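Colleague: Before I ask anything, let me first share the structure, which is written out below as structure tokens.
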Amino acid sequence: MRQLRAFGRFWWDFVIGDDWRLALGGGCALGLTALVARTDLSAWWIAPVVVTGLLVTTLAYAKPRAPH
Amino acid sequence: MRSVILAAAAFAACAVEMVEALTIVLAVALTRGWRSVRLGIVAALATLAAVVGALGPTLTLLPLDALRVIVGFLLLAFGLQWLRKAILRAARYLPLHDEAAIFDREVAETRAAAVAERGHVDWYAFTLSFKGVFLEGLEVAFVVVTFGAAHGDFPLIITSAVTALVVVAGVGAIVHRPLSRVPENTLKFGVGVMLTSFGTFWGSEGAGANWPGGDAALLVLVAMYAAIAFALVTWLRSRYAEGLVVAGEPA
């Protein structure tokens, strides 16, 4: 059981990393794109806008770890 | 055009990871000898080849659109991690990746470790070199499998990865030192932009979006994300300079 948990933890860290919001946001962007693409509306702009928003919001509260 | 960008991105991503693996391998080999290190490298490469050999053909069995959504999501998750960290490093919010410092630390740790030789194999050196090559190589395998499957051209991506391996290993064999002059942080910044762009492009395409301009949209995405990333670096630096953030807390 412990090994299974370690295996899952390894892949979580590998793919999702230390900020799960980025992966969740990326998934939501593609999901929203799929929904809008089923309508007559254009859907190509959704992922770039969401990705840009994700970068800005996750970096907005960043604080330096290393001394300048 | 897409093939050229893909080959360049795969080469850069693989070269960066191999530079990191080379640092670990050299540190262990120069302190404990090459014999067990070579075994560790061969075992790691064989394991990685098995991973690529198993995952690559399996992924290509999926319908193209489903495959592109999965690959797009993975590349977005992975690329955004790289890009976020690269932006924080460029803004000096995180320390820059320094291969020379990592090499010195690895050498000190390896020297301090007890000799764990059983029979003719130094298992400490074997394990360390296996782990170094496997973990860094897994990111290379990830790029090869996702790019190769989504673009439908494994030979191109594998050639790029093998070229990067030959170049890095060749230079490493000649200089016998960590490749600290490789602009690793800049490369990581570029790779983060590329992975995010491909993730956006393929993921949206697989989800049913039609890109205006076709493949040319990929170039626009690369340019746009690069510009946004540079703007974010400038913004973060100016926030620090203006005293709006205080050092010492998590980035």
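Colleague: Can you find a residue that is at the interface with chain B (Cβ under 7 Å from one of its Cβ atoms), surrounded by fewer than 19 Cβ atoms within 10 Å (Cβ to Cβ) and within 17 Å of B:GLN81 (Cβ to Cβ) anywhere in the range A:47-54?
Modeller: Checked against the condition, which is being at the interface with chain B (Cβ under 7 Å from one of its Cβ atoms), surrounded by fewer than 19 Cβ atoms within 10 Å (Cβ to Cβ) and within 17 Å of B:GLN81 (Cβ to Cβ), the range A:47-54 yields at least one hit.
Colleague: Right, another one. Residues being among the hydrophobic types (A, V, I, L, M, F, W, C) and closer than 16 Å to B:ALA86 by Cα: count how many of those fall in the range A:17-46. Working first, answer last.
Modeller: The initial filter retains those residues of the range A:17-46 that are among the hydrophobic types (A, V, I, L, M, F, W, C), namely A:20, A:22-24, A:28-30, A:32, A:34-37, A:41, A:43-46.
Of the ones still in play, those that are also closer than 16 Å to B:ALA86 by Cα are A:22.
The total comes to 1.
Colleague: Scan the range B:83-107 and report the pairs whose first residue is within 13 Å of chain A (Cβ to nearest Cβ) and basic (Lys, Arg) and whose second residue is in a helix (DSSP H, G or I) and surrounded by fewer than 19 Cβ atoms within 10 Å (Cβ to Cβ), with Cβ atoms within less than 6 Å and a gap of 6+ or a chain change.
Modeller: Pairs that qualify, where the first residue is within 13 Å of chain A (Cβ to nearest Cβ) and basic (Lys, Arg) and the partner is in a helix (DSSP H, G or I) and surrounded by fewer than 19 Cβ atoms within 10 Å (Cβ to Cβ), are B:ARG89/B:ASN185.
Colleague: Condition test on B:ALA149, is it farther than 30 Å from A:ALA62 by Cβ, crowded, with 16+ Cβ neighbours inside 10 Å and touching a Cys at 6+ places or on another chain (Cβ under 9 Å)?
Modeller: No.
Colleague: Cβ-Cβ under 8 Å, sequence separation 6+ or interchain: first residue in the range B:3-16 and closer than 10 Å to B:ALA161 by Cβ and crowded, with 23+ Cβ neighbours inside 10 Å, partner polar (S, T, N, Q) and at pLDDT 85 or above. Which pairs?
Modeller: Filtered contacts from the range B:3-16: B:ALA10/B:SER160; B:CYS14/B:SER160.
Colleague: Related question: Quickly run through the range B:207-234 and pick out the residues that are part of a helix (DSSP H, G or I) and within 8 Å of chain A (Cβ to nearest Cβ).
Modeller: B:ALA207, B:ALA217, B:LEU221, B:MET224, B:TYR225, B:ILE228, B:ALA229, B:LEU232, listed by residue number.
Colleague: From the list B:ARG92, B:ARG38, B:ARG84, which residue is surrounded by 14 or more Cβ atoms within 10 Å (Cβ to Cβ), out of contact with any strand residue (DSSP E or B) (no Cβ under 8 Å at 6 or more places or on another chain) and part of a loop (DSSP other than H, G, I, E, B)? Lay out the reasoning, then the answer.
Modeller: Numbers: B:ARG38 fails: part of a loop (DSSP other than H, G, I, E, B); B:ARG84 fails: part of a loop (DSSP other than H, G, I, E, B).
When all the criteria are applied, what remains is B:ARG92.
Colleague: Could you list, in sequence order, the residues of the range A:25-35 that are at the interface with another protein chain (Cβ under 8 Å from one of its Cβ atoms) and of a type in the set (A, V, I, L, M, F, W, C)?
Modeller: Those that are at the interface with another protein chain (Cβ under 8 Å from one of its Cβ atoms) and of a type in the set (A, V, I, L, M, F, W, C): A:ALA29, A:LEU30, A:ALA34.
Colleague: Which numbered condition in (1) surrounded by fewer than 16 Cβ atoms within 10 Å (Cβ to Cβ); (2) touching a residue at least 24 places away in the same chain (Cβ under 8 Å); (3) under 20 Å from B:VAL222 (Cβ atoms) is the only one that A:ARG21 fails?
Modeller: (3)
Colleague: Quickly run through the range B:152-174 and pick out the residues that are in a helix (DSSP H, G or I) and of a type in the set (Gly, Ala, Ser).
Modeller: Narrowing the range B:152-174 to residues in a helix (DSSP H, G or I): B:154-174.
B:SER160, B:ALA161, B:ALA164, B:ALA169, B:GLY170, B:GLY172, B:ALA173, listed by residue number.
Colleague: Let me ask something else. So if I check each of B:ALA251, B:ALA229, B:ALA209, which one is modelled with pLDDT under 90, of a type outside the set (Lys, Arg) and under 21 Å from A:ALA23 (Cα atoms)?
Modeller: Criteria check complete, one pass: B:ALA251.
Colleague: It is to be established whether one or more residues within the range B:192-213 are touching a helix residue (DSSP H, G or I) at 6+ places or on another chain (Cβ under 7 Å), within 30 Å of B:VAL107 (Cα to Cα) and not polar (S, T, N, Q).
Modeller: Yes, the range B:192-213 contains a residue that is touching a helix residue (DSSP H, G or I) at 6+ places or on another chain (Cβ under 7 Å), within 30 Å of B:VAL107 (Cα to Cα) and not polar (S, T, N, Q).
Colleague: Looking at B:THR47, B:THR58, which one is of a type in the set (Ser, Thr, Tyr) and surrounded by 14 or more Cβ atoms within 10 Å (Cβ to Cβ)?
Modeller: Numbers: B:THR58 fails: surrounded by 14 or more Cβ atoms within 10 Å (Cβ to Cβ).
Of the residues listed, the single one that is of a type in the set (Ser, Thr, Tyr) and surrounded by 14 or more Cβ atoms within 10 Å (Cβ to Cβ) is B:THR47.
The values are calculated or read from the model by the stated rules, or taken from the named source; none is laboratory data. Just so it is clear, the model here is predicted, and its values are computed rather than measured. When we count neighbours, we look across all protein chains shown, and the Cβ atoms used for this are built from the backbone with ideal geometry, even at glycine.
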